[in-house]
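The next block holds one structure in the form of structure tokens; read it before the comments.
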Amino acid sequence: MPVSVISAFIVLLCFACGTGAFAVQGPGHWTLESTLRQLDNEARTFHSLTADMERTKVTVVVNDKSTESGKIFVRRDDKMRIEITTPDPKTILRSGNDLFLYNPKIKQVEEYDLGKHRALVDQFLLLGFGTSGSDLQKGYLVTMLGEEEVNKRQVVKLELTPRSDEARKQVSKIHIWLDENTWLPDQQQVFETGSGDYFLIRFTNVVRNPKLSDNEFKQHWPKGATRVKPQG
């Protein structure tokens, strides 16, 4: 699979946790079993999500950090748009099997057909957007790491280890913090296989089930934008 597509998958993965409503169990009482049951309950009513996000890539060997921020729009029917606004604007758009990476600096759109890699894409996107706890367990070994306080909010922390060999070639493990008051993602940490490098993603202003029209997920590229289909 092309390196650029792998990077895009990791970006998608980094923002792929979105379940919501309100927890019904008090702080200090969550177990793995009750957390997975809560995800089962939330999956029944999840349809869409918008959120602001900040994504920091940490390169361990040289202790380098780079941060970008923007907004994510998701619909449960395999539609997603990520608008990176700073420092370098870019758009990542997914609609079914089609993936587009738009770079406004050079007015170029990279187009990919995810058909051959759909199993891997779906494996990564199991992290949220209405996925039930039982489906999560099919794709990952789920470990309860406990409860802690993040940004003055009580959260449940889970560790996910991909079950499939193909998925583990890209990501070794994922940590997810779920806000116990809203049952929405507070942050994620995604560890790349081999290097130990990781992404840390923080979510703010999360809105569950907003109305998102088809227009949100159409290709609104400017006139004259070059389209390329990288091989690999």
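Is one or more of the residues making up segment 34-42 in a helix (DSSP H, G or I) and β-branched (Val, Ile, Thr)?
There is at least one residue in segment 34-42 that is in a helix (DSSP H, G or I) and β-branched (Val, Ile, Thr).
Considering only residues of segment 164-213 that are among the β-branched types (Val, Ile, Thr) and outside any strand (DSSP E or B), which is farthest from Arg44 (Cα to Cα)?
If we take residues in segment 164-213 being among the β-branched types (Val, Ile, Thr) and outside any strand (DSSP E or B), then Thr193 is farthest from Arg44 (Cα to Cα).
Would you mind stating whether Tyr102 is assigned to a strand (DSSP E or B), modelled with pLDDT under 90 and within 26 Å of His220 (Cα to Cα)? Step through it out loud before you land on a result.
Values: assigned to a strand (DSSP E or B): yes; modelled with pLDDT under 90: no; within 26 Å of His220 (Cα to Cα): yes.
In short, no.
For segment 173-232, how many residues are surrounded by fewer than 18 Cβ atoms within 10 Å (Cβ to Cβ), at pLDDT below 90 and of a type in the set (A, V, I, L, M, F, W, C)?
Residues in segment 173-232 being surrounded by fewer than 18 Cβ atoms within 10 Å (Cβ to Cβ), at pLDDT below 90 and of a type in the set (A, V, I, L, M, F, W, C): 1 in total.
Here are some residues: Val171, Val190. Which one is of a type in the set (Val, Ile, Thr), in contact with an Asp or Glu (Cβ under 7 Å, 6 or more places away or on another chain) and within 25 Å of Thr56 (Cα to Cα)?
Val171
Suppose we filter Asp40, Asp64, Asp52 for residues that are out of contact with any Phe, Trp or Tyr (no Cβ under 9 Å at 6 or more places or on another chain), modelled with pLDDT of 90 or more and open to solvent by 10 Å² or more (accessible area, probe 1.4 Å); which single one remains?
Of Asp40, Asp64, Asp52, the one residue that is out of contact with any Phe, Trp or Tyr (no Cβ under 9 Å at 6 or more places or on another chain), modelled with pLDDT of 90 or more and open to solvent by 10 Å² or more (accessible area, probe 1.4 Å) is Asp64.
I'd like the full set of residues that are of a type outside the set (Val, Ile, Thr), in contact (Cβ under 8 Å) with a residue 24 or more places away in the chain and within 17 Å of Pro222 (Cα to Cα), limited to segment 57-99.
The answer is Arg81, Leu93.
Of everything in segment 132-159, what is touching an Asp or Glu at 6+ places or on another chain (Cβ under 7 Å), without any contact (Cβ under 8 Å) to a residue 60 or more places away in the chain, closer than 18 Å to Phe191 by Cα and open to solvent by 50 Å² or more (accessible area, probe 1.4 Å)? Give them in sequence order.
Leu145
Against the condition farther than 25 Å from Val121 by Cβ, among the basic types (Lys, Arg), part of a strand (DSSP E or B) and at pLDDT 85 or above, how does Lys71 come out, does it pass?
Spelling it out, it is not the case that Lys71 is farther than 25 Å from Val121 by Cβ, among the basic types (Lys, Arg), part of a strand (DSSP E or B) and at pLDDT 85 or above.
The values are calculated or read from the model by the stated rules, or taken from the named source; none is laboratory data. Small disclaimer: the values here were computed from a predicted structure and weren't measured. Every residue, glycine among them, receives a Cβ derived from its backbone with ideal geometry; neighbour counts consider all protein chains shown. For accessibility, only protein heavy atoms count, side chains too; no ligands or nucleic acids. Shrake-Rupley method; radii C 1.70, N 1.55, O 1.52, S 1.80 Å.
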